[in-house]
Amino acid sequence: MDDLFSANLSDDLNAKALIDALTAELVEANKAYHELDNPIIPDDEFDRKLAQLRRLEVLYPQFKKVISPTDTVGGQPSKGFQKVKHAEAMLSLDNAFESEDILDFEERIRRVLNLNKSVQLKYVAEPKIDGLAISLTYKKGILVQAATRGGGVEGEDVTENVYKIDSIPKNLVDFPIDFIEVRGEVFMNRNDFDELNYELQKLIDFAIKKEINPIKLYINPRNAAAGTLRQKTVETEKKTKARKKKNEKTKASYWVKKQWANKQLETLKGRLSFFCHGWGAVSNPFAESQWVALNLLNKFGIPVVKERQLCQSVDDIFDYYEKIIKQRPYFSYEIDGIAVKLDDLNLHSRLGSSSTSPRWAIAYKLPPEKVWTVLKDIDIQVGRTGTLSPVGKLKPVYVGGVYVSNVTLHNEDYITGISSDSQSIRKGKDIRVGDTVEIYRSGDVIPKVSDVDLSKRPEDSVPFKFPSTCPVCGNKAIRLEGDSVTRCVGEFDCRAQVLGRIQYFVSSEGLNFDGLGANLIEQFYDRRFPTSNRRWIENPGDIFKLKSELEKAGIDLIQEKGWEEKSVQGLFAEIEKKREVQLDRLLTALGIRYLGVQTAQRLAQHFQSWNNFANTFLSDTQEETTIVNDLCSIDGFGEVMVTSIIQTFNNPTFKKWLDNLIPELLVQDVEGVQKTDSVLSGLGIVFSGKLEQMTRSEAKIKAEALGARIYNSVSKNVDLVVAGPGSRKKTKDAEALKIKIISEDIWLKMIS
Ligand code: IVH
């Protein structure tokens, strides 16, 4: 992203780049959080970025994506559960971070409803629980369905699992409502979480002793709740029982799996809690205010959060917020804010909702938890692109629900006290080994430093000297002018970069190997064949040769520590499966700097086949300037990226890697994956001038979805120019090259 901003772009382009980057990042983060239960950015950072994207989309609607994270709630349902449509969509809450945001919230309500200050507005305030949203459908008081939120419109049917949760009522006696979708949060109390992980740890210790692949601890109560609710316990149990027990190790492995399945069942039953905080569709109105409605639901046996409060004014909300901040450490469950809802239900229906959130409610986020601890050391980690990333090693400290011992220190400037936009951070205080530092952790990712206590700084401390050589390979580490990062120049000489590249190749961004992760790659990289002294895996191509090379060397993986027959078979079956690969996926997996998923797709569309691609980049038939000019005409491609691609493919070691890899693969041509029924399939298109019926970015997304390639400028690669008012140069160029020019109306007919 930094590269986008350092470039000298006009305001519009900057806004577009920012919208593109934020959209991509948030889509990814949403998926990681909601579908994979594996968050990649802290919640507060996500919320801020979403707010930033929303603002930008209002200012630059022409750059808003057809599918934007600001229009969607949560992730899509994960595979494995039936999908169910909610009778009323499950929305999310808008966020407030400061008291002004709450004042604005009330102000907006008054404005929309035309209510002056003399009209009193009351609110229900509750802790915002860090759990998993759920919708429970009761018909005549009987629980008939339970569904997760999913994408908001459709969720996953988790009825079977929810039926096992003790804290959720299945039958409400004398319930006066015929049909209701009770909405609430499933979560795990902190002590239940600690207990569960303690028990899992014992199972893990046993697994390690028996040299079988251990299961993992949950990282926090939210993940534990989500993991438990969305597991397939019963099936696991049946399968485990059905298997024949073979040798000692396999027996132990089945035993661990069975224990694990039983533990999950036990957890589902007794360690998940539930609070109701509202409702969706309902057959008959049953109260006039939120407060009375919650009390009524509670009276019939539905758990409602005890710490709720009826606030008579905005000032009461502020008092409640302060009270909750003080009480937060003593709550039995984790919270990340307070939820504030207008009390009068008549006003709810008058205010309605946006596509993502009701206008009558807001989440007022709590500041992240902060604690002080000592920075014992600063480690430098080297990434796949050679970036030197400093990581602070802390005296372990409990914050935000976990023990923390690492903290990100970003880069040299950050340690010195300068932010990426050259502003002073921590009032300019630098960070030194031995310092007492304040750290904060929000969400589930690596924590950050917010302050340094200079009064506790050891007298003999010295400013941290950022290394000028790579700590892994000893090559020079260079920071270019205007760049915030320091990079090792070692490239293929540097163990960290080589390993990082192979790890990226197998990762979910790359070919997405199931069961072949970063740890295993590192193990295989470190092992050597006895006769040749060659590493088991030195580059991506070796992955596909592993089975035959091991056989040749007489090594049986099943006999090795941590391996069982089933896992070995699974690994080699997965490797076989990955031989067939789409061109864009392969290009992404090669880990070329600046080439992301979307740009790799465009590059693949442009070349259509590996052969065409190789003819350009791996043979000497074309001049570099011709390649640069050709590729820069592709939408989203600039000189920096194109040069990076050319340099990578000119690198002799990289060429050797490809020589080893490509013969192992079946790279699919792009035609094979295109929509054949589309009139745009395979066409090169340029949009020029102003489009009036849809934004240019919408048009591009639509065209790409229909199999077209988008170019910035008119060239021989282009088949069609869609020209709106103001198109001059491109129309002229198209006329000169006898390329078809069409109006927006015709374009709309083509895609309809
Ligand atoms: S009210 C229209 N109240 O937070 C949604 N939500 O960020 C109304 N949450 O999806 C939700 N505690 O799953 C509400 N006391 C509370 C809550 C709460 C947790 C969750 C809920 C919602 C998400 C919004």
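Quick note: the coordinates plus some simple rules give every number you see, no bench work behind them. Quick caveat: nothing in here was measured; it's all calculated off a predicted structure. A quick note on method: Cβ atoms are made from the backbone with ideal geometry, for glycine too, and the neighbour counts reach across all protein chains shown.
General remarks:
- The label-point distance for ASP669 and GLN52, in a model that sets each label 7 Å from Cα toward Cβ, rounds to 4.4 nm.
- Principal axis dimensions, largest first and in whole angstrom, of the chain by Cα: 80, 74, 65
- Subtracting the Cα-Cα distance of ASN533 and SER508 from their residue separation scaled by 0.36 nm leaves 6.0 nm.
- Nearest-20 debye value, the chain charge dipole, Cβ charges on Lys, Arg, Asp, Glu: 1820
- The range 350-500, relative contact order in percent, only Cα pairs under 8 angstrom and at least six apart counted: 23
- In sequence order, calculated HN-Hα J values of the range 374-383 (Karplus, 6.51, -1.76, 1.60; Hz; x Gly/Pro): 9, 8, 7, 6, 10, 9, 10, 9, 10, x
- The H on the amide N of GLY150, modeled in the peptide plane, is under 5 Å from the matching H of GLU156, each at least 5 residues off or on a different chain.
- Exceeding the 28 Å Cα-Cα cut-off - candidates LYS64/LYS117; LYS128/LYS164; LYS49/LYS263; LYS128/LYS258: LYS64/LYS117; LYS49/LYS263; LYS128/LYS258
- Cβ-defined net charge surrounding LEU665, 11 Å radius [Lys, Arg +1; Asp, Glu -1]: +1
- Highest mean packing comes first when the peptides 734-741, 519-526 are listed by Cβ atoms within 10 Å, giving 519-526, 734-741.
- Placing +1 on the Cβ of every Lys and Arg and -1 on the Cβ of every Asp and Glu, with no other charges, gives the range 451-610 a dipole of roughly 380 debye about its Cα centre.
- Amide H contacts of VAL399 (H built 1.01 Å from N, under 5 Å, at least 5 apart or other chain): VAL404
- Lysine pairs within the range 292-402, Cα separation less than 21 Å, 8 or more sequence positions apart or different chains: 15
- Working ranking of peptides 129-139, 452-462 by packing, defined as the average number of other Cβ atoms within 10 Å per residue, highest first, is 129-139, 452-462.
- Only helical runs count toward this figure. For the chain, summing -39,500 (n - 2.57) over DSSP H runs of n ≥ 4 and dividing by all residues gives -12000 deg cm²/dmol at 222 nm.
- Linear extension gain, SER455 paired with ILE325, 0.36 nm per residue minus alpha-carbon span: 44.1 nm
- With pairing defined as another cysteine C-beta under 4.7 Å, the cysteines of the chain that fail it are CYS276, CYS311, CYS632.
- Hits among aspartates and glutamates - C-alpha to C-alpha of LYS83 under 13 Å, sequence gap 8 or more where chains match: GLU154, GLU156, ASP157
- Computed from the C-beta positions of ALA614 and ALA281, the FRET efficiency with R₀ = 60 Å rounds to 0.60.
- Projecting the Cα positions of VAL158, ILE177, GLN145 onto the charge dipole of the range 126-190 (unit charges on Cβ atoms of Lys, Arg, Asp and Glu, taken about the Cα centre) puts ILE177 furthest along the positive direction.
- Between ALA703, VAL581, VAL402, the Cα set farthest toward the positive side of the dipole of the chain (charges on each charged residue's Cβ, about the Cα centre) is that of VAL581.
- By the rule of a C-alpha distance below 19 Å, with chain neighbours fewer than 8 residues away ignored, the lysines paired with LYS547 are LYS561, LYS566, LYS577, LYS578.
- Distances between placed amide hydrogens fall under 5 Å for LEU683 paired with ARG709, all partners being 5 or more residues away or on another chain.
- Two-site label geometry, GLU580 and ARG593: point separation in nm, points 7 Å out along Cα→Cβ: 3.6
- A Förster radius of 51 Å, combined with the Cβ-Cβ distance separating TYR163 from ARG111, puts the computed FRET efficiency at roughly 0.65.
- Difference of contour (0.36 nm per residue) and Cα-Cα distance, SER548 to LEU480: 20.1 nm
- J(HN,Hα) series, the range 103-116, from Karplus relation 6.51 cos²θ - 1.76 cosθ + 1.60, nearest Hz, glycine and proline x: 4, 4, 4, 5, 3, 5, 4, 4, 5, 4, 8, 6, 10, 8
- Within the range 279-306, backbone nitrogen closer than 12 Å to the virtual label 7 Å beyond the Cα of SER353 toward Cβ: 279-282
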